[in-house]
Amino acid sequence: MDVPSTMTYEIRTYGCQMNVHDSERLSGLLEEAGYVRAPEGSDGDADVVVFNTCAVRENADNRLYGNLGRLAPKKAQRPGMQIAVGGCLAQKDRDTIVKKAPWVDVVFGTHNIGKLPVLLERARVQEEAQVEIAESLEAFPSTLPTRRESAYAAWVSISVGCNNTCTFCIVPALRGKEKDRRPGDILAEVEALVAEGVSEITLLGQNVNAYGSDIGDREAFSKLLRACGRIEGLERVRFTSPHPRDFTDDVIAAMAETPNVMPQLHMPLQSGSDTVLKAMRRSYRQERYLGIIEKVRDAIPHAAITTDIIVGFPGETEEDFEQTLHVVREARFAQAFTFQYSKRPGTPAATMDDQIPKEVVQARYERLVALQEEISWDENKKQVGRTLELMVAEGEGRKDGATHRLSGRAADNRLVHFTKPDEEVRPGDVVTVEITYAAPHHLLAEGSVLGVRRTPAGDAWARRNAAEAAKPAGVMLGLPQIGVPEPLPVAAGCGCD
């Protein structure tokens, strides 16, 4: 493919971690094809702008078309500029995108992200829009090149797709049925990342602990966790997001008995009402959910448990909502990501009777948030006085520059801001601190750092920065530029989240 070395690209990502990881691959594909990432803050001034869309969030289509509309004048002034739309909304809307925004050059789906450079070139040569939506996965996307953002933490996909049929979620229809990678392929990727300096991985799947259903092994996920524990140099293992239906005792045992599997669990609740859970087609009930939490806490006393909750699902009564509040009080989540239900076209819930008035949903949402804020703060206060090991993070603390602090993640994934030590500390290094103050969403360690441990991850970060500074235009480095996983899902309402 003949791409001038001065061609720049920008990717705008919406939705869950799967989309974030897909965008890393899209970046890798474009750089391998000769494109250069546009500077931060380009705001649509790149030669190629890619929208990696989500169909889960409310008004996702309005947001997309609004952004496309703002780019139309720029494209009219720059005839060589190209716009591509991919992801779940592209998979769903297909030809509609080009009809509504005829200045779009390429539309591609969730199953064929590897075709983006070819489609851009074809659109350029033929001077017409290219719409190509595959109906099923062509190749497991982990085989594609990846351009990542940091050098110490990595997503590792273990499966794609979902076999659930939650009534509020359209993702299975867009991502397809679950397909599992072979354990050997996953472990080979992890080992290669560790060899390059990565010290933390997050195993990623739309329903991560259902892993094994496609290869006929019900204990495949717990075996995978234990196998990760045997990889020398891998310090931290996380995973997201599990489904309560598939959360089995062997997984809890593997978490408790594998030292590098972190004491953290993000397990979506969605509702505490058995009636609402049934209407959602969530194949567990309140007793089952709380039972899992009890077992996890018995096995891992210091585990931080987080969740997702939807407020105002069709038919939710005041009594149903009180059951959700009851579970929140019993579970004592470290954090809960709470969302107001909104219709998703194409889902069974969108046509259900008894849609809840907006003002009722808002009032319940505010009550839930207030309760969870109180619990989060109380749980964080229990950390004051504890000595914790943190993996130094990059870009986690928005006020770090002004406060002369750095930020890191504890083993349980709590965010901690700490006093900057005199010696150099790099992202990926490990520091030991004492917690002095707690807020609902973060902790502070205001005293001196008690210890600093240099790590290969910190070395990899330094190498990456030096290599990036020296990189010629249009050349993709063979470095593990690992995107730092978000601590929790960023998309709401999805059955997998």
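The values are calculated or read from the model by the stated rules, or taken from the named source; none is laboratory data. Note that the structure is a prediction, hence the values are computed from the model and not measured. Methodologically, a virtual Cβ is constructed for each residue, glycine included, from the backbone with ideal geometry; neighbour enumeration extends over all protein chains shown.
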For residues that are of a type in the set (Lys, Arg) and part of a helix (DSSP H, G or I), tally how many sit in the range 279-321. 3
Over the range 228-264, the set of residues among the basic types (Lys, Arg) and within 21 Å of Val430 (Cβ to Cβ) is Arg230, Arg236, Arg238
Return the pair list, or none, for Cβ contacts closer than 8 Å from residues in the range 395-420 that are within 18 Å of Ile201 (Cβ to Cβ) and surrounded by 13 or more Cβ atoms within 10 Å (Cβ to Cβ) to residues that are aromatic (Phe, Trp, Tyr) and at pLDDT 85 or above, at least 6 apart or on different chains. Gly408/Phe418
Wholly enclosed helices (runs of 4 or more DSSP H) of the range 48-129 bearing at least 1 residues without any contact (Cβ under 8 Å) to a residue 40 or more places away in the chain and closer than 24 Å to Gly346 by Cβ: 60-77, 88-93, 95-100
Taking the range 150-205 as the region of interest, how many residues are part of a loop (DSSP other than H, G, I, E, B), among the charged types (D, E, K, R) and over 22 Å from Asp308 (Cα atoms)? 4
Assuming Thr338 fulfils every condition listed in (1) without any contact (Cβ under 8 Å) to a residue 40 or more places away in the chain; (2) in a helix (DSSP H, G or I); (3) under 30 Å from Thr436 (Cα atoms) apart from one, which condition is it? (2)
Residue pairs within 6 Å by beta carbon, gap of at least six or interchain, first lying in the range 166-177 and farther than 18 Å from Thr351 by Cβ, second of a type in the set (A, V, I, L, M, F, W, C) and assigned to a helix (DSSP H, G or I), listed first then second, are Leu174/Cys88
Give Arg329, Arg344, Arg245 a once-over and let me know the one that is buried (at least 21 other Cβ atoms within 10 Å of the Cβ) and either in a helix (DSSP H, G or I) or at pLDDT below 95 (or both). Arg344
Name the one entry in Gly44, Gly87 that is in contact with a Cys (Cβ under 8 Å, 6 or more places away or on another chain) and either surrounded by fewer than 16 Cβ atoms within 10 Å (Cβ to Cβ) or under 30 Å from Phe339 (Cβ atoms) (or both). Gly87
Could you tell me which residue of the range 347-361 is surrounded by the most Cβ atoms within 10 Å (Cβ to Cβ), considering only residues that are in a helix (DSSP H, G or I) and among the charged types (D, E, K, R)? Lys358
Residues to consider are Thr275, Thr258, Thr306; find the one that is closer than 28 Å to Leu224 by Cα, surrounded by fewer than 20 Cβ atoms within 10 Å (Cβ to Cβ) and of a type in the set (Val, Ile, Thr). Thr258
